[in-house]
1. For region 30-50, how many residues are over 16 Å from residue 86 (Cα atoms) and modelled with pLDDT of 90 or more?
2. Take residue 75 and decide whether it is in a strand (DSSP E or B) and surrounded by 12 or more Cβ atoms within 10 Å (Cβ to Cβ).
3. So, in region 1-12, of the ones that are surrounded by fewer than 18 Cβ atoms within 10 Å (Cβ to Cβ) and not in a strand (DSSP E or B), which residue ends up farthest from the chain's Cα centre (by Cα)?
4. Which residues, counting only those in region 15-63, are touching a residue at least 12 places away in the same chain (Cβ under 8 Å), part of a helix (DSSP H, G or I) and surrounded by fewer than 15 Cβ atoms within 10 Å (Cβ to Cβ)?
5. Looking at 90, 72, which is the one that is under 15 Å from residue 20 (Cβ atoms) and at pLDDT 95 or above?
6. Name the residue that is modelled with the highest pLDDT, counting only residues in region 78-87 that are assigned to a helix (DSSP H, G or I) and surrounded by 10 or more Cβ atoms within 10 Å (Cβ to Cβ).
């Protein structure tokens with residue numbers, strides 16, 4: 001099982017949710033309005049540094065992970081690098 005951490009510009013939250021739904025992901029957690037600084041610059045939800053990101057967590061099996069990441073990569077290409085979409089995958093196991 002893989003734990004995916006998806007960081008996306010808030011403008012593309014609905015796109016990510018649609019991809020998760022299209023892949024019948026059993027569940028996900030969203031943390032909206034994530035603020036910080038990264039490769040696409042500062043996003044602090046302020047006049048000086050407008051915008052924010054959203055953070056999604058989901059645990060998926062290997063086969064779903066491959067196709068899900070492929071579709072997320074296509075979204076990243078359509079949105080453009082300046083919009084900021086990053087996906088991190090970690091090995092995961094259910095402990096409880």
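The values are calculated or read from the model by the stated rules, or taken from the named source; none is laboratory data. What you see is a predicted model, and the numbers here were worked out from it, not measured in a lab. Glycine gets a Cβ as well: all are built from the backbone with ideal geometry, and neighbour counts include every protein chain shown.
1. Of the residues in region 30-50, 6 are over 16 Å from residue 86 (Cα atoms) and modelled with pLDDT of 90 or more.
2. So residue 75 fails the test.
3. 1
4. Correct list: 22, 62.
5. 72
6. Taking the candidates together, the pick is 78.
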